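Peer 1: I have a structure I would like to understand better, so I am pasting it below and will then ask my questions one at a time.
The values are calculated or read from the model by the stated rules, or taken from the named source; none is laboratory data. Quantities reported herein were computed from a predicted structural model and do not represent experimental measurements. Here Cβ is always computed from backbone atoms with ideal geometry, including for glycine, and neighbour counts include all displayed protein chains. In case anyone asks, the SASA skips ligands and DNA or RNA and just uses the protein heavy atoms, side chains included. Shrake-Rupley method; radii C 1.70, N 1.55, O 1.52, S 1.80 Å.
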Amino acid sequence: MPIGHADAAAPSGPGAPKTARGARTRARILKAAESTFGSLGYHRAGVSDITRDAGVAQGTFYNYFAGKEEILRELVRDMGHQVRARLAAEVVHARDRLEAEEKGLRAFLEYLHDNPYLYRVLQEAQFVDESIYREYYEAFGRGYLRMLADATRKGEIRSGNNEVRVWALMGMANFLGLRYALWDDDVPFDDIVATISDLFRHGLAMDGQERNP
């Protein structure tokens with residue numbers, strides 16, 4: 001999902017922390033929820049498992065979250081902000097959109113490899129409340145669409161239906177991440193990025209010389 005912008009992730013609402021210490025506690029609970037949902041699954045995990053992993057009392061949990069579904073929603077939203085910020089930092093010096101796609105893909109694969117619970121949590125979310133799952137990808141899509149529209153205006157990519165392109169690119173990154181960052185790591189990320197870079201720049205069709213040697 002190689003996009004090129006970051007957005008704020010400050011929580012709001014009744015459970016928003018009022019102090020820096022509260023923000024750290026809330027972040028620790030979210031991290032514990034990520035590992036707990038990722039290892040046990042949403043339905044097997046309980047609030048007590050999350051608070052045990054976070055090292056806080058159950059009462060402290062309810063100071064920030066109403067229950068498991070709310071923390072799942074906030075966790076997915078928080079992870080989305082983190083991934084987008086990571087990718088934005090990696091592509092900020094890209095010379096054009098195609099280089100940004102290459103840098104972003106590499107950063108995404110590395111992030112997924114380093115944070116393997118990400119996809120487990122996302123998969124859990126779609127069966128708890130599909131709107132959580134959709135919100136994650138739609139947030140990516142909105143930012144991605146702005147980036148492709150800007151690249152089209154600059155002449156960095158051909159004009160076309162950028163909304164369809166966005167979902168195609170996100171789908172490609174999704175399955176590359178599953179296959180090469182989570183299931184097996186038998187292909188170096190450099191090779192994956194080089195292959196996709198060639199696809200971006202040359203497509204799949206053979207040119208005339210290749211068809212008629």
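Peer 1: If PHE127 meets every condition in (1) surrounded by 13 or more Cβ atoms within 10 Å (Cβ to Cβ); (2) of a type in the set (Phe, Trp, Tyr); (3) out of contact with any helix residue (DSSP H, G or I) (no Cβ under 6 Å at 6 or more places or on another chain); (4) more than 21 Å from GLU90 (Cβ to Cβ) apart from one, which number is that one?
Peer 2: Here PHE127 meets the rest and fails (1).
Peer 1: So which residues in the range 86-124 are open to solvent by 40 Å² or more (accessible area, probe 1.4 Å), under 16 Å from the mean Cα position of the chain (by Cα) and modelled with pLDDT of 90 or more?
Peer 2: Once the filter is applied, which keeps residues that are open to solvent by 40 Å² or more (accessible area, probe 1.4 Å), under 16 Å from the mean Cα position of the chain (by Cα) and modelled with pLDDT of 90 or more, the range 86-124 yields ARG86, ALA89, GLU90, LYS103, ARG106, GLU110, HIS113, ASP114.
Peer 1: Continuing with this model, one more query. Can you tell me how many residues within the range 156-174 are β-branched (Val, Ile, Thr) and under 15 Å from the mean Cα position of the chain (by Cα)? Before you say what the answer is, go through the steps one by one.
Peer 2: If we filter the range 156-174 for residues that are β-branched (Val, Ile, Thr), which is where we start, we get 157, 164, 166.
Still in the list and also under 15 Å from the mean Cα position of the chain (by Cα): 166.
Residues meeting the conditions: 1.
Peer 1: Now, a different point. Here are the criteria: (1) among the hydrophobic types (A, V, I, L, M, F, W, C); (2) touching a helix residue (DSSP H, G or I) at 6+ places or on another chain (Cβ under 9 Å); (3) over 21 Å from ALA88 (Cβ atoms); (4) part of a helix (DSSP H, G or I). Tell me which single one MET172 does not satisfy.
Peer 2: Every condition holds for MET172 apart from (3).
Peer 1: A further question follows. Please return the ranges of helices (runs of 4 or more DSSP H) entirely within the range 64-157 where 2 or more residues are within 29 Å of PRO188 (Cα to Cα) and of a type in the set (D, E, K, R). Don't jump to the end; show me each part of the working.
Peer 2: Working: elements: 68-91, 97-114, 117-128, 130-154.
Counting at least 2 such residues, we get 68-91, 97-114, 117-128.
Peer 1: Output yes when any residue across the range 128-135 is charged (D, E, K, R), in contact (Cβ under 8 Å) with a residue 40 or more places away in the chain and over 15 Å from PHE200 (Cβ atoms), and no when none is. Full working, then the answer.
Peer 2: Start the filter on the range 128-135 by keeping residues that are charged (D, E, K, R), which leaves 129-130, 134-135.
Still in the running and in contact (Cβ under 8 Å) with a residue 40 or more places away in the chain: 129, 135.
Right, trim to over 15 Å from PHE200 (Cβ atoms) and you get 129, 135.
Yes: one or more hits.
Peer 1: Next question, about the same structure. Name every residue in the range 184-201 that is without any contact (Cβ under 8 Å) to a residue 60 or more places away in the chain, part of a loop (DSSP other than H, G, I, E, B) and either small (Gly, Ala, Ser) or surrounded by 12 or more Cβ atoms within 10 Å (Cβ to Cβ) (or both), in order of residue number.
Peer 2: VAL187
Peer 1: Filter the range 51-63 down to the residues that are in a helix (DSSP H, G or I) and exposed (fewer than 15 other Cβ atoms within 10 Å of the Cβ) and list them by number. Give the steps one after another, and end with the answer.
Peer 2: At the first step, the residues of the range 51-63 found to be in a helix (DSSP H, G or I) are 51-54, 58-63.
ARG52, GLN58, GLY59, TYR62 - these are the residues of the range 51-63 that are in a helix (DSSP H, G or I) and exposed (fewer than 15 other Cβ atoms within 10 Å of the Cβ).
Peer 1: Could you grab the pairs with beta carbons closer than 8 Å, sequence gap of 6+ or different chains, first residue in the range 44-55 and closer than 20 Å to VAL128 by Cα, second one of a type in the set (Gly, Ala, Ser) and part of a loop (DSSP other than H, G, I, E, B)?
Peer 2: Close Cβ pairs satisfying both conditions: VAL47/GLY67.
Peer 1: Additional query: Name every residue in the range 121-134 that is closer than 16 Å to ALA45 by Cβ, out of contact with any Leu (no Cβ under 9 Å at 6 or more places or on another chain) and not aliphatic (A, V, I, L, M), in order of residue number. Walk me through how you get there before you give the answer.
Peer 2: Quick first cut of the range 121-134, residues closer than 16 Å to ALA45 by Cβ only: 121-125, 127-129, 132.
Right, trim to out of contact with any Leu (no Cβ under 9 Å at 6 or more places or on another chain) and you get 122-123, 127.
Answer for the range 121-134, where residues must be closer than 16 Å to ALA45 by Cβ, out of contact with any Leu (no Cβ under 9 Å at 6 or more places or on another chain) and not aliphatic (A, V, I, L, M): GLN123, PHE127.
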